[in-house]
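Written below as structure tokens is the structure these notes are about.
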Amino acid sequence: MAQKGSDDKQFSRRDFLKTTGVATGGIIGGSLLGGFVGYNLDDGDTASDTSGENKGEGAADGSAENPGRIFFHNDAQFETISQAMERIYPEDDMGPGAIKLGAPYFLDMQLAGAYGNNSKEYMKGPFYEGEPTQGYQSRLTRAELFTLGIERLDAEANEAFDDDFSKLDGEDMDEVLTKFQKGEADMGVPPATAKSEDFFNLLRSATIEGVYCDPMYRGNRGMEGWKMKQFPGHQHQYIDKIDSGEFEDIKPQSLYGGKS
Amino acid sequence: MAKELDKVDVLTVGVGWTGGIIAAEAAKEGLKVVGLERGKERGTEDYQNIHDEYKYAIRYELMQDVSKETLTFRNSPDQRALPMRQLGSFLLGENLGGAGTHWNGQTWRFLPYDFEIRSMTEEKYGEDKLMEDDGYRLQDWGITYDELEPYFDRFEKTCGLSGEENPLGGKRSDAYPTPPMIKTPILKKFEKASSGLGYSPIMMPSANLSEAFENPDGQKIQACQYCAFCERFGCEYGAKSSPEITVIPTARETGNFEVRTHANVVEILTDEDDDSRVTGVKYVDTRTREEFIQPADVVVLNSYVFNNYKLLRVSDIGKQYDPETEEGTLGRSYCYQIFGGATGFFDEQFNTFMGAGALGMAFDDHNGDNFDHSDLDFLHGGNISVTQTGSRPIANNPLRPDTPSWGSEFKKESIENYTRTLSVSGQGATLPHKDNYIDLDETYKDDYGVPLVKLTYNFKNQDRARHQHLAERSAEVLEEMGAKEVSKAAELGDYSIVPYQSTHNTGGTIMGDDPEKSVVNNWLQHWDRDNLFVVGAGNFVHNSGYNPTGTVGALAYRCAEGVIRFAKEGGRLEDK
């Protein structure tokens, strides 16, 4: 039974790979792969490893690299948001970017819960477009705004570059994102409902949250975000180091890392 | 139909610092006290897995659930007030301990100048300096620093405060209960630079304790471990003085205090036969939605600034302030704070991720009237400090001006700067202005059908000038500290409810010696209801250049004395 389910998933994923061009080598570079498969793949060290291959073809096995998705049921939409997050926090010579750090999976889980549903926000009407000093005034939840934003990222990409967002090269993606950031992208709804800069700001903050959160939230994989920043995570105390005149490079620890 | 319960001697609405102090003192005197807390029970055992920036600092786990209650905001009356749909500018507390659970512990006394600001300003600079034509409404507090001093001392002993004498502060009757925190290399750098500029830096008075302490009530507070998770977090060690580890257990141990959680007060009930007194309150069980009447001989409002105001207003107690006529006292003199500071970029790396909420050094040379204002177009000033509160990676991504806020350059800069920047900042006072006030909203309601509070607020010219002044002084200190580049705070624009600034909201239920100009007397007894007391930063007649909790705690201890006296003798306390 479980085996069958797994095969089904593999099949549909292969199908997806074909349509997006990955399987035929249509996309170069590791960032896209990292978006929906185990990030070890583009290190080239899993090609001969069967389990890795399974992962590579998309079986959501609950591993840190591919924990599966709760909110983004649509593969293409997940790919769009993954690429957008990677542009906010790209992989470079300092270390991994948003995708390798698992930030899209962080966002996926957040959108399915209190964050996505605005459970702790005041959501009673009437709704009016406010002044910038009055803050977010839309009736949309974060989950709804992300869904709309992803749709509009692809729409803007198609209008400007005749292709989906995730298939553009980096510079073109940045051009689209900048349009959102400046509030110049068409959200297809009145500004009282959604403004492109609100979507952009949420995308930006969610990316930073996803790269630096405790790894239990599925981002900051392997604490690599913390390592780049030299943040030691959860330490019981610094009382023996607080007056040190040297910079203390401390091995990071996650909140539940030391517990069973 | 609300169910009527048995009468108690004293009732506190809210159980944080002020409610806990009133409860502890009254219960020790043998009075039967009930505390109605709309949140849940919590304590140190709930903070054992607290080192989670995302949950606590970013998603505000310990703060008020604004889906149930928030406020509306506008910059001026010509705007439509709209709800603050998510927390931002300030972080309202909720649950047992209130904001006293997730404060940083920076615990100052307001200056002698603060309490007599109008008289002292007029005497020194003349009446024009009050700038009344520009809409400022300075007022003395109806109490002096010297009168309040014993209560400051009492609160500091409850906290076990760690600190050292401030040469520019008010006179102290006793030393701090515990010595200052550890002076770290960052603080030493600030000390050397600010001393070099002629200032008088001191270790910040801290409620994260330098050593274990048993307070006068027998409560034990542990020594701070510098774990760097203080602000927006609860302390897993019981090393940050909070209501849950001090005054609340003190009250409970008497056997005279009951905390009733999930109890949201919606109305204060005035005696139908005698409008000089209240009979109790009506509250809703937030889980069952059952309504209760809790009668009490004395009612004390101990919730936050906004909610204390709101309960008076919806219960029709006192007269609402009208900015056109300037009549009415309820809701006037709302004040906030401004933060004029600067960020310095260094080559060397600092241990910025270590720290404690009140680990810092500060000087008051540009606070209050400690510097000459003759040629300045503003009054007051601010406490200028460096703090090492523990910077965490989601919220701390320091950038030079003009660095992009995303992409490769952002990533590189924010990572490098994370351990290579230090900030020095002035915590600036704000003064009451006739156009800044709180009212009740006509459109939006809370989850219990009660209207939301409506805030009308904007920064004024004095704020902009004071902000600029503090930013310049801060930048000079950073240059002296050897920063290779210093970035000064941009000019102050309109007040925005969006970015976090400070949970130091004040006013709306101000104190004084004149019922025409204040809501409560200097025992915090309501002018129109003898057995009703209103306690908190809402009593502040203006906001000073300090964190408010020290002064709030002092006022609460004074109020507690008033409550006990009233319970025994009754009557108007200002006449005694």
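Got at least one residue in region B:31-46 being more than 30 Å from B:LEU524 (Cβ to Cβ), part of a loop (DSSP other than H, G, I, E, B) and either touching a residue at least 60 places away in the same chain (Cβ under 8 Å) or more than 8 Å from every other protein chain (Cβ to nearest Cβ) (or both)? No, region B:31-46 has no match at all. Of all residues in region B:178-199, those that are closer than 18 Å to B:ALA342 by Cβ and within 14 Å of another protein chain (Cβ to nearest Cβ) have Cβ atoms under 9 Å from Cβ atoms of residues that are of a type outside the set (A, V, I, L, M, F, W, C) and in a helix (DSSP H, G or I), 6 or more apart or on another chain, in B:LYS192/B:GLU480. Would it be correct to say that A:ASP154 is within 13 Å of chain B (Cβ to nearest Cβ), outside any loop (DSSP other than H, G, I, E, B), of a type outside the set (Phe, Trp, Tyr) and over 30 Å from B:ASP78 (Cβ atoms)? No. Exactly one residue out of B:ASN95, B:ASN104 is surrounded by 21 or more Cβ atoms within 10 Å (Cβ to Cβ), over 30 Å from B:ASP375 (Cβ atoms) and either touching a strand residue (DSSP E or B) at 6+ places or on another chain (Cβ under 8 Å) or within 11 Å of another protein chain (Cβ to nearest Cβ) (or both): that is B:ASN104. Residues that are among the polar types (S, T, N, Q) and crowded, with 22+ Cβ neighbours inside 10 Å number at least 1 in the following strands (runs of 3 or more DSSP E) confined to region B:292-406: B:338-345, B:382-389. The requirement of being under 26 Å from B:LYS32 (Cα atoms) and touching a strand residue (DSSP E or B) at 6+ places or on another chain (Cβ under 9 Å) is fulfilled nowhere in region B:506-516; no residue meets it. Yes or no: B:GLU326 over 20 Å from the mean Cα position of the chain (by Cα) and under 30 Å from B:ILE186 (Cβ atoms)? No.
Checking each residue in region B:486-516 for being part of a loop (DSSP other than H, G, I, E, B), surrounded by 20 or more Cβ atoms within 10 Å (Cβ to Cβ), under 16 Å from the mean Cα position of the chain (by Cα) and of a type outside the set (A, V, I, L, M, F, W, C) picks out B:THR503, B:HIS504, B:ASN505, B:GLY507, B:GLY508, B:THR509. Looking only at residues of region B:47-63 that are touching a Phe, Trp or Tyr at 6+ places or on another chain (Cβ under 8 Å) and part of a loop (DSSP other than H, G, I, E, B), we find that the one that is farthest from the other protein chains (Cβ to nearest Cβ) is B:LEU62.
Tell me yes or no: at least one residue of region B:459-475 is within 14 Å of chain A (Cβ to nearest Cβ), within 19 Å of the chain's Cα centre (by Cα) and not in a helix (DSSP H, G or I). For region B:459-475, residues within 14 Å of chain A (Cβ to nearest Cβ), within 19 Å of the chain's Cα centre (by Cα) and not in a helix (DSSP H, G or I): present. Counting only residues that are surrounded by fewer than 19 Cβ atoms within 10 Å (Cβ to Cβ), farther than 15 Å from A:GLN77 by Cα and in contact (Cβ under 8 Å) with a residue 12 or more places away in the chain, region A:138-160 holds 3 of them.
For region A:108-130, the set of residues classified as within 12 Å of chain B (Cβ to nearest Cβ) and not in a loop (DSSP other than H, G, I, E, B) consists of A:MET109, A:GLN110, listed by residue number.
Taking every residue in region A:240-258 that is facing chain B (nearest Cβ under 7 Å) and within 21 Å of B:GLN388 (Cβ to Cβ) and pairing it with any residue that is of a type in the set (Val, Ile, Thr) and part of a loop (DSSP other than H, G, I, E, B), at least 6 positions away or on another chain, the pairs with Cβ-Cβ distances below 9 Å are A:LYS241/A:ILE250; A:ILE242/B:ILE182; A:ILE242/B:THR184; A:ASP243/B:ILE182; A:ASP243/B:THR184; A:SER244/B:THR184; A:PHE247/B:THR419. In the set B:PHE73, B:PHE90, only one residue is within 12 Å of another protein chain (Cβ to nearest Cβ) and aromatic (Phe, Trp, Tyr); that residue is B:PHE73. Please tell me if A:ALA98 is more than 9 Å from every other protein chain (Cβ to nearest Cβ), out of contact with any strand residue (DSSP E or B) (no Cβ under 6 Å at 6 or more places or on another chain), touching a residue at least 40 places away in the same chain (Cβ under 8 Å) and under 15 Å from A:THR207 (Cβ atoms). Here the answer is yes, as A:ALA98 does meet what is asked. Considering only region B:363-385, I want to know if a residue exists there that is within 14 Å of another protein chain (Cβ to nearest Cβ) and either closer than 27 Å to B:GLN222 by Cα or acidic (Asp, Glu) (or both). Scanning region B:363-385 turns up no residue that is within 14 Å of another protein chain (Cβ to nearest Cβ) and either closer than 27 Å to B:GLN222 by Cα or acidic (Asp, Glu) (or both). Is one or more of the residues making up region B:517-538 within 14 Å of chain A (Cβ to nearest Cβ), in a loop (DSSP other than H, G, I, E, B) and of a type outside the set (Gly, Ala, Ser)? Scanning region B:517-538, I find no residue that is within 14 Å of chain A (Cβ to nearest Cβ), in a loop (DSSP other than H, G, I, E, B) and of a type outside the set (Gly, Ala, Ser), so the answer is no. When region B:182-210 is examined, which residues are found to be small (Gly, Ala, Ser) and surrounded by 21 or more Cβ atoms within 10 Å (Cβ to Cβ)? Within region B:182-210, B:ALA193, B:SER194, B:SER206, B:ALA207, B:SER210 qualify.
In region B:211-266, the qualifying residues are those that are surrounded by 23 or more Cβ atoms within 10 Å (Cβ to Cβ), aromatic (Phe, Trp, Tyr) and closer than 25 Å to B:THR352 by Cα, and the one that is farthest from the other protein chains (Cβ to nearest Cβ) is B:PHE233.
Close contacts from region B:258-269, counting a first residue that is touching a residue at least 60 places away in the same chain (Cβ under 8 Å) and a second that is aromatic (Phe, Trp, Tyr) and outside any loop (DSSP other than H, G, I, E, B), with Cβ to Cβ under 8 Å and a gap of 6+ residues or different chains, come to B:ALA263/B:TYR283; B:ALA263/B:PHE292; B:ASN264/B:TYR283; B:VAL265/B:TYR283; B:VAL266/B:TYR283.
Which members of region B:111-165 meet the condition of being in contact (Cβ under 8 Å) with a residue 40 or more places away in the chain and aliphatic (A, V, I, L, M)? Within region B:111-165, B:LEU111, B:ILE117, B:MET120, B:MET131, B:LEU138, B:ILE143, B:LEU148, B:LEU161 qualify. When A:LEU140 is tested against (1) touching a helix residue (DSSP H, G or I) at 6+ places or on another chain (Cβ under 8 Å); (2) within 7 Å of chain B (Cβ to nearest Cβ), only condition (2) is not met.
Rundown of residues vs (1) touching a strand residue (DSSP E or B) at 6+ places or on another chain (Cβ under 7 Å); (2) at the interface with chain B (Cβ under 7 Å from one of its Cβ atoms); (3) modelled with pLDDT of 95 or more; (4) within 25 Å of A:ASN118 (Cβ to Cβ), yes/no style:
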| site | (1), (2), (3), (4) |
| --- | --- |
| A:ASP169 | no, no, yes, no |
| A:VAL189 | no, no, yes, yes |
| A:GLU209 | no, yes, yes, yes |
| A:GLN230 | no, yes, yes, no |
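The values are calculated or read from the model by the stated rules, or taken from the named source; none is laboratory data. Note that the structure is predicted; figures quoted are calculated from it, not measured. Positions of Cβ are generated from backbone atoms using ideal geometry, with glycine treated the same way; all protein chains shown enter the neighbour counts.
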